[in-house]
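As structure tokens, the structure follows; a few thoughts come after it.
The values are calculated or read from the model by the stated rules, or taken from the named source; none is laboratory data. Being a predicted model, the structure only gives us computed values, none of them experimental. No Cβ is skipped: glycine too gets one built from the backbone with ideal geometry, and neighbour counts run over all protein chains shown. Accessible surface areas use protein heavy atoms only, side chains included; no ligands, DNA or RNA. Shrake-Rupley method; radii C 1.70, N 1.55, O 1.52, S 1.80 Å.
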Amino acid sequence: MGDKCEANMHKNVCDLKAMVNAQNKRIDELIRFIKEGSKTDIPQEMTWCTCNLNPYLECLNPDILYHLNLDTKTTDFPKVFGDVRFVCLGGTGARMEKFANFIISEIGLKLSMAVELRNISADGHRYALFKVGPVLCASHGIGGPSISIVLHELIKLVHHAKCQDPIFFRMGTCGGIGVEPGTLVITSQPLDGQLRPVYEVVVHTQPQLRPALLDQALAKELIALSNPCEDGYDTILGKTLCANDFYEGQSRLDGAFCGYNPQKKMCFLQQISQMGVVNMEMESTAFAALTNQAGIRAAVICVAIINRMEGDQINSPECVLKDFDQRAQILIARYMRKVLFKCDENNVETCHCDDAPGCP
Ligand code: URA
């Protein structure tokens, strides 16, 4: 038998073993759950990864998370990342570094002043990754393909680290549809450019439509934590159009190319507004589809930096955009405090959080 043939056979055996192992594990978990019934909770990891993830991961030793510049041989994932409860993603490394610094004080971490926040993935030269206690902060770049790559690796990261039921957030900016700039938008349902609630992945030349679903209960919990009177801005729930492009894909008139006129543009915006679409951005369908496929609870929170019914160009001053940028961060921090310290700041009666910073 030739070397190549032997190598192929070895690979097939390895593949089969991985599949059988993953299925056996899942069957064992289900049998245990059925036998013990209501006496036990569904094992935490069953609520998200074990059953849905790639069975061939078991064959990888080490698994190299290339774009995050991490691998399972040189990093002890359970030790380094096992305590992660929240994974927060945003477009740029700078935004996520700022968020990581903000979260340190918001959740009362006593990080020694001597310890500088470190970009764990700096040497990968693609994405930024920061860890502050139970919070991972990662950049995702622009668009579906970019966020999809980092999500594959972050989902593998929380899987290898055996994280317990992590919650994923995407925070960012968006164009509002009939919505005041500065409004915080929580996505109820992302839609793709053809107004379908899916993320299309082409595999072996064939388009596959993956359901782009977000956790509705989480979205409502986030809305409940907003306080328009005190915040000074609205937080709303609505559908999001996720485009593959900033210009023509979002019916702008200011791209390098434009094959329609202002009337066509307004007609399109009115049409999607009537369907309940309140904003446009570029990552929500991929984010929702990948987290949903892994069974991970997830939410998308974006601040509108323009009302697209009134224009296309982003011309707010830098200081205004900076203020807008903090709004999703503030809401996510409130949610984290609520989960970590059982602290509901809108309902002082239920707040048990002597050590929670900023709580009444
Ligand atoms: N991000 C987008 O994708 N579109 C906008 O209009 C603003 C931010």
Margin query: Quick check on the range 281-299: of everything there that is among the β-branched types (Val, Ile, Thr) and part of a helix (DSSP H, G or I), which residue is surrounded by the fewest Cβ atoms within 10 Å (Cβ to Cβ)?
Written below: THR291
Margin query: I'm checking my understanding of the structure. Among residues of the range 296-319 that are more than 14 Å from the ligand (Cβ to nearest atom) and in contact (Cβ under 8 Å) with a residue 60 or more places away in the chain, which one is farthest from ASP165 (Cα to Cα)?
Written below: ALA299
Notebook entry, point to check: Which ones in the range 235-256 are polar (S, T, N, Q) and open to solvent by 30 Å² or more (accessible area, probe 1.4 Å)?
Noted result: ASN244
Check: Only one of (1) within 19 Å of PHE246 (Cα to Cα); (2) within 13 Å of the ligand (Cβ to nearest atom) is not met by THR183, so which one is it?
Finding: (1)
Next item on the list: Kindly indicate whether any position in the range 258-265 is away from the ligand (no atom under 16 Å from the Cβ), part of a loop (DSSP other than H, G, I, E, B), of a type in the set (Gly, Ala, Ser) and open to solvent by 30 Å² or more (accessible area, probe 1.4 Å).
Entry: yes
Margin query: Quick test of your reading of the structure: VAL278 fulfils all but one of (1) open to solvent by less than 70 Å² (accessible area, probe 1.4 Å); (2) in a helix (DSSP H, G or I). Name the failing condition by number.
Written below: (2)
Item checked: Residues of the range 86-139 satisfying the condition of being small (Gly, Ala, Ser) and not in a loop (DSSP other than H, G, I, E, B) -> GLY90, GLY93, ALA94, ALA100, SER105, ALA122, GLY124, ALA138, SER139
Next item on the list: Could you list, in sequence order, all residues of the range 128-149 that are away from the ligand (no atom under 16 Å from the Cβ), under 14 Å from the mean Cα position of the chain (by Cα) and within 25 Å of ALA217 (Cα to Cα)?
Entry: VAL135, LEU136, CYS137, ALA138, SER148
Next item on the list: Assess whether ARG196 counts as being part of a strand (DSSP E or B) and surrounded by fewer than 18 Cβ atoms within 10 Å (Cβ to Cβ).
Entry: no
